[in-house]
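Notes follow the structure.
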Amino acid sequence: MKYIILGTAGHIDHGKSSLVKALTGTDPDRLKDEKERGITLDLGFASLDLANGNRLGIVDVPGHEGLIKNMLAGVGGMDIVMLVIAADEGIMPQTREHLAICDLLQVKKGLIALTKMDMVDKDWLALVTDEVRETVKGTFLEKSPLIPVSSKTGENLPLLVQELIKLSAEVTPKSSNGILRLPIDRVFTMKGFGTVITGTLLSGTISVEQEVEVLPKGIRTKVRGLQSHNQASPRAIAGQRTAVNLQAVEKDQLSRGDTIVGPGFFKPTKTLDAKLNLLAQAPRGLKTGSRVRFYNSTQEAIGRITILGTKELAPGEEAFVQFRLEQPVIIQHGDRYILRFYSPMETLGGGVVLNPHTRRHRPATMQASLKDLGVLEKGALPDKLGLLVFGNGLAGMEEAEAIGSIAADKQEIVAALAAAAQKKTIQRIDNLYVHATHLSALENKISSLVKHFHHENPLKPGLDKEELKGMLRMRINQKVLNNAIESMVKKKQIEADGSKLRAPGFKPAGGKINDEVKNRIVEAIKKGGTQPPVREEFPALFSISDKDAKDLLRLLADEGRTIRINDSLHLDKDVVETIRTDLKKHLEEKKEITMAEFRDLAKTSRKFAVPLMEYFDSQKLTQRIGDKRMLRG
Ligand SMILES: Nc1nc2c(ncn2[C@@H]2O[C@H](COP(=O)(O)OP(=O)(O)OP(=O)(O)O)[C@@H](O)[C@H]2O)c(=O)[nH]1
Ligand SMILES: [Mg+2]
């Protein structure tokens, strides 16, 4: 059995709801106001089982020109559109507008019902038929069946159903292999159940007990119960009209426009790139900066448009555009959308979303951006994914995010990622995908930063990884950085010693002159015994800079040739050992030592005695009790 969504479209009062009722027995006008006023205000629903086993979920839309917003909320999931035209009135403004909307959304199939045939004679019917055929030329309905019917007398209804059976057989149903995506069109409370939402399951499946996320609000919850086509069911699949009872969510927390999704795949977005086609019949063109309304499935967002590569677009023209929206939307590459002017609310056009998470395109690189958008529009899936991964830079893209960014089956996306990795366009690092261009730029950058560091700090052993990360000044995933370093080490482009990176073969303070200075310093410290020259004296003693004195002393301590007591004081190894032995002996005999006693024992000055004593504290030989030291227990 295929689950297919059939929707109505057409001008007000042309008989859409009457036809749904005549076909299904269900009056889609469910609101009190609708019944009293005889017009449809909001979406209505019914279902019809066809003789070939396929089940139609029916969405009935309002025809009123002021209610296009509600019509748009219903049209998103339609597989087949039934354009309803009253035979007595013929083509009217919303006949054209609804037709244009369905055409822009690329609804797969359709048919035309010429209703109220009981009200006109044969000649009139023939004229109206001609007019309709003329109007649908060049649209998705050009070759569709056209059936005159009467909901009043029932004439030709069986014929209409026959056509629906044929169309349903031709429709490729929505894919249950995608990720769960269920745009909410209604929210209500049911006694004994709590909050229930309804919507058309656009892709994937949903099951009782399943964890779900409501976006963009970011509510995590669980499915308590499910109904599809008014029957309780443990699971619903793509293409079904679905009612979901959600756990622990209040009715007021949810509204039309929210989307129920599988957790972890979608990130709400406010900036997106798209292809836009302005309708030839659009009442105005668009300029960059215009305020517009963006519609996709049940979502509406207000925002501004930037027309890329040009500043203005006239009716009938097309371009790549960027939307900056004021409200976040849940959207994928490949989603169709409708665009209306902010005020007055006129339908201007629509198109397809190309990059759901984009950034501002700079004029200097506009040609490259336009070329990329061309690939996102018409390229092969691995190339499209390559571009989306590229956009994430060195932060990388997780597989789940890649799956969530494109409206295609999961397996297809996973296979395309593998294909792009095979071609080495992108690289997989743990659970992340990163574009190869960014990785090679990163390696070049690391190389030059390390070289520059050596140049500036010839006495330091190398550039610390943490310091390098800071110098890169970009959003970078730690795994990506580690991977780049590892790969460079493997290729012998750099050497790593602990956390320090250096150019291959680099030795700090190598070279004859430095070695000589180092030896002289070691010598001077040794000769100084317990009262050696301190760092501050080195520049004058050895004709070196302050910084070199610091770096050289660090280096000598690292090499184990001297012992670093503090920034200023460095001692010979043997000297420290002698003091340590004497101190230990003293403490074992006398249990304690004062600072003055220690100064005499170490044969040094008060100035050095304090840091030296603290050094032994830090070495955990001694501990301070009051103003004395004891052995540490
Ligand atoms: N004689 C006749 N009247 C019809 C037929 N179909 C609908 N009507 C009448 O036309 C009026 C409008 O019908 P609806 O079905 O409410 O029209 P609609 O297209 O749903 O209108 P909106 O939803 O408000 O856009 C009602 O009074 C119906 O009784 C038909 O086949 N023959
Ligand atoms: Mg109606």
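The values are calculated or read from the model by the stated rules, or taken from the named source; none is laboratory data. Note that the coordinates shown come from a computational prediction; the quantities given were computed from them, not determined experimentally. Because the Cβ atoms are built from the backbone with ideal geometry, glycine has one as well, and the counts that use them run over all protein chains shown.
Things worth noting here:
- Gly76 meets the stated requirement of being crowded, with 18+ Cβ neighbours inside 10 Å, away from ligand 1 (no atom under 11 Å from the Cβ) and modelled with pLDDT under 95.
- Looking across segment 399-424, the residues that are over 23 Å from Leu202 (Cα atoms) and in contact with a strand residue (DSSP E or B) (Cβ under 7 Å, 6 or more places away or on another chain) come down to Leu417, Ala420, Ala421.
- Taking helices (runs of 4 or more DSSP H) as the structural unit, those lying wholly within segment 378-464 and holding at least 1 residues that are closer than 25 Å to Lys492 by Cα and charged (D, E, K, R) correspond to 436-456.
- Some residue of segment 104-114 being out of contact with any strand residue (DSSP E or B) (no Cβ under 9 Å at 6 or more places or on another chain) and surrounded by 15 or more Cβ atoms within 10 Å (Cβ to Cβ): no
- Taking each residue of segment 231-250 that is modelled with pLDDT under 95 and looking for partners that are charged (D, E, K, R) and surrounded by 24 or more Cβ atoms within 10 Å (Cβ to Cβ) with beta-carbon atoms closer than 6 Å, six or more apart or interchain, yields nothing.
- Tally of residues being at pLDDT 85 or above and surrounded by fewer than 16 Cβ atoms within 10 Å (Cβ to Cβ) across segment 506-538: 9
- So Met92, is it within 12 Å of ligand 1 (Cβ to nearest atom), within 25 Å of Lys143 (Cα to Cα) and either without any contact (Cβ under 8 Å) to a residue 12 or more places away in the chain or of a type outside the set (S, T, N, Q) (or both): yes
Residue-wise test of (1) β-branched (Val, Ile, Thr); (2) at pLDDT below 95; (3) closer than 30 Å to Ala364 by Cβ.
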site	(1), (2), (3)
Thr259	yes, no, no
Lys267	no, yes, yes
Ser290	no, no, yes
Gly309	no, yes, yes
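- Among the residues making up segment 95-119, those that are away from ligand 2 (no atom under 15 Å from the Cβ) and assigned to a helix (DSSP H, G or I) are Arg96, Glu97, Leu99, Ala100, Ile101, Cys102, Asp103, Leu104, Met117, Asp118, Met119.
- Test: residue in segment 209-223 that is within 23 Å of Asp79 (Cβ to Cβ) and of a type in the set (A, V, I, L, M, F, W, C): no
- Checklist (1) of a type in the set (Gly, Ala, Ser); (2) surrounded by 14 or more Cβ atoms within 10 Å (Cβ to Cβ); (3) assigned to a loop (DSSP other than H, G, I, E, B) applied to Gly560, failing item: (2)
- Residue match in segment 616-633 (condition: on the phi < 0 side of the Ramachandran plot, assigned to a strand (DSSP E or B) and surrounded by fewer than 12 Cβ atoms within 10 Å (Cβ to Cβ)): yes
- Any hit, segment 177-184, residues being over 30 Å from Ala407 (Cα atoms) and outside any loop (DSSP other than H, G, I, E, B): no
- Number of the exception - Thr153 against (1) surrounded by 13 or more Cβ atoms within 10 Å (Cβ to Cβ); (2) within 16 Å of ligand 1 (Cβ to nearest atom); (3) outside any helix (DSSP H, G or I): (1)
- Test: Asp42 is free of Cβ contacts under 8 Å to residues at least 60 places away in the same chain, out of contact with any His (no Cβ under 9 Å at 6 or more places or on another chain) and within 11 Å of ligand 1 (Cβ to nearest atom): yes
- Filter result (surrounded by 14 or more Cβ atoms within 10 Å (Cβ to Cβ) and either of a type outside the set (Ser, Thr, Tyr) or touching a Cys at 6+ places or on another chain (Cβ under 9 Å) (or both)) within segment 120-132: Val120, Trp124, Leu125, Val128, Val132
- Close Cβ contacts (under 7 Å, 6 or more residues apart or on different chains) running from residues in segment 16-37 that are in contact (Cβ under 8 Å) with a residue 24 or more places away in the chain to residues that are away from ligand 1 (no atom under 11 Å from the Cβ) and of a type in the set (Phe, Trp, Tyr) comprise Pro28/Phe45.
- Entry remark, segment 1-28: residues being within 19 Å of Leu157 (Cβ to Cβ), surrounded by fewer than 24 Cβ atoms within 10 Å (Cβ to Cβ), charged (D, E, K, R) and near ligand 1 (Cβ under 8 Å from one of its atoms) number 1 in total.
- Every residue from segment 47-73 that is surrounded by fewer than 24 Cβ atoms within 10 Å (Cβ to Cβ), within 16 Å of ligand 1 (Cβ to nearest atom) and among the small types (Gly, Ala, Ser): Gly66
- For segment 203-235, a residue qualifies if it is part of a loop (DSSP other than H, G, I, E, B) and in contact with a strand residue (DSSP E or B) (Cβ under 7 Å, 6 or more places away or on another chain), and the qualifying residues are Gly204, Val208, Glu209, Gln210, Pro216, Lys217, His229, Ser233, Pro234.
- Residue count, segment 20-57 (criterion: part of a helix (DSSP H, G or I) and more than 9 Å from ligand 2 (Cβ to nearest atom)): 9
- Residues (more than 17 Å from Val434 (Cα to Cα) and among the acidic types (Asp, Glu)) located in segment 373-409: Glu377, Asp409
- Residue count, segment 58-94 (criterion: within 35 Å of the chain's Cα centre (by Cα) and assigned to a loop (DSSP other than H, G, I, E, B)): 6
- Segment 309-333 residues that are under 20 Å from Lys371 (Cα atoms), paired with ones that are of a type in the set (Asp, Glu) (beta carbon under 6 Å, 6 or more apart): Gln322/Asp273
- Close contacts from segment 56-78, counting a first residue that is more than 22 Å from Ile4 (Cβ to Cβ) and touching a residue at least 24 places away in the same chain (Cβ under 8 Å) and a second that is away from ligand 1 (no atom under 14 Å from the Cβ) and not β-branched (Val, Ile, Thr), with Cβ to Cβ under 7 Å and a gap of 6+ residues or different chains, come to Lys69/Glu300.
- When residues in segment 602-633 are screened for being within 25 Å of Gly560 (Cα to Cα), of a type outside the set (D, E, K, R) and over 60 Å from the mean Cα position of the chain (by Cα), 4 of them pass.
- Residues of segment 452-487 satisfying the condition of being surrounded by 15 or more Cβ atoms within 10 Å (Cβ to Cβ) and of a type in the set (Lys, Arg): Lys460, Lys465
- Residues of segment 480-502 classified as assigned to a loop (DSSP other than H, G, I, E, B) and modelled with pLDDT of 90 or more, total: 4
- In segment 311-327, the residues that are part of a loop (DSSP other than H, G, I, E, B) and either surrounded by 13 or more Cβ atoms within 10 Å (Cβ to Cβ) or within 24 Å of the chain's Cα centre (by Cα) (or both): Pro315, Gly316, Glu317
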